[in-house]
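Report on one structure; see the data block that follows.
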Amino acid sequence: MNADRTFRQPGRWAVLAALVVLAVVMLFPFVIVTLNAFKSPAEYSSGGPLSLPHGFYLEGIVAFWDRVDFGLKLWNSLLISGVVAVAAVVLSVLNAYALGIGRVRGRLWILVLFLVANTLPQEALVYPLYYLSKEVGLYDSKLAVILIFTVIQAAFGTYLLSSVLGQFPRGILEAAEIDGASRRRMLWGIVVPISRPTLSVLLIFFFIWTWNEFFLPMVFLISNDNQTVPVALGVLQGEKMMDATMSSASALLGIIPAVAFFLIFQRTLTRGVTVGAIK
């Protein structure tokens, strides 16, 4: 028994060392961006990107915030990501309830259709969506982006939740039906509360995925007042002259909201991922 533990111990240390190295590699770009965001242009020119700042130079962050009206871009990203996350989860629940519990006809083919929809690249969708938004008068509006990403995220959510709800305990639903509960009451009073950890995970992922989207918002949000944070960061370099420290400040401001959202809901995410194993 002791020999077996001795044999396994080096393997555990090797795995731990590999994880530490991987964490350092992943955090290194974020550390470099943070250091350069608080440097003055003179410090960056003399010491390079790997040198430590001599103080907290905040003028680059303030100048970038004022130049691009970052507060408005931040609000646009929060609004679009938040509405898409909530709407996509609700739409996914409604679809998955019909497919996973209702067992509608052609369920398998419908799930295959959702799976195929998840594999379509955005480049294949941009032209028909562009002309459709032009026809209905939604081009260059936040509503167009919200509708598009709600459908895209709900396609994945429906495919995932259909598998989860397909394994939902039938005894609970049959007992509720005997008590006279309607299908709507069973959905919102039984299925949704029990599936809340899974829905919380979807909500977090939908928010982060939508926040990081760049291609479709760049095509559909051409007005400066409608642009999101990733679009503003992407197009700013070509439109405005910025030094290296201001570029680092812009990258830092773009990363912080998503990281903060993830840290705030980290416990919810962990609980949702592990709830299946606990059950």
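The values are calculated or read from the model by the stated rules, or taken from the named source; none is laboratory data. All values derive from a computational prediction rather than experimental measurement. We place every Cβ from the backbone using ideal geometry, glycine too, and count neighbours over all the protein chains shown. SASA here: full protein model, heavy atoms, side chains in, ligands and nucleic acids out. Shrake-Rupley method; radii C 1.70, N 1.55, O 1.52, S 1.80 Å.
Restricting to the stretch 106-131, and then to whatever is among the β-branched types (Val, Ile, Thr) and under 14 Å from Gln153 (Cα atoms), can you tell me which residue is farthest from the chain's Cα centre (by Cα)? Here the residue is Val116. Out of Ala63, Ala85, Ala96, Ala42, one residue alone is hydrophobic (A, V, I, L, M, F, W, C) and out of contact with any helix residue (DSSP H, G or I) (no Cβ under 7 Å at 6 or more places or on another chain). It is Ala42. In the stretch 22-73, of all residues being hydroxyl-bearing (Ser, Thr, Tyr) and surrounded by 15 or more Cβ atoms within 10 Å (Cβ to Cβ), the one that is nearest to Ala244 (Cα to Cα) corresponds to Tyr44.
List the helices (runs of 4 or more DSSP H) inside the stretch 110-201, counting only whole elements, that have at least 2 residues being at pLDDT 90 or above, over 26 Å from Glu213 (Cα atoms) and open to solvent by 60 Å² or more (accessible area, probe 1.4 Å). Reasoning before the result, please.
Working: elements: 122-136, 142-166, 170-178, 183-186.
Where helices (runs of 4 or more DSSP H) fall fully within the stretch 110-201, none carries at least 2 residues being at pLDDT 90 or above, over 26 Å from Glu213 (Cα atoms) and open to solvent by 60 Å² or more (accessible area, probe 1.4 Å).
Considering Thr228, Thr245, which residue is over 13 Å from the mean Cα position of the chain (by Cα), modelled with pLDDT of 85 or more and hydroxyl-bearing (Ser, Thr, Tyr)? Unique residue meeting the criteria: Thr228. Evaluation of Asp225 against the conditions (1) in contact with a helix residue (DSSP H, G or I) (Cβ under 7 Å, 6 or more places away or on another chain); (2) open to solvent by 80 Å² or more (accessible area, probe 1.4 Å); (3) not in a loop (DSSP other than H, G, I, E, B) shows that the sole unmet condition is (3). The residues of the stretch 12-35 that are of a type outside the set (A, V, I, L, M, F, W, C) and more than 26 Å from the chain's Cα centre (by Cα) amount to a single one, Arg12. The set of residues in the stretch 62-105 being within 23 Å of the chain's Cα centre (by Cα) and small (Gly, Ala, Ser) consists of Gly71, Ser77, Ser81, Gly82, Ala85, Ala87, Ala88, Ser92, Ala96.
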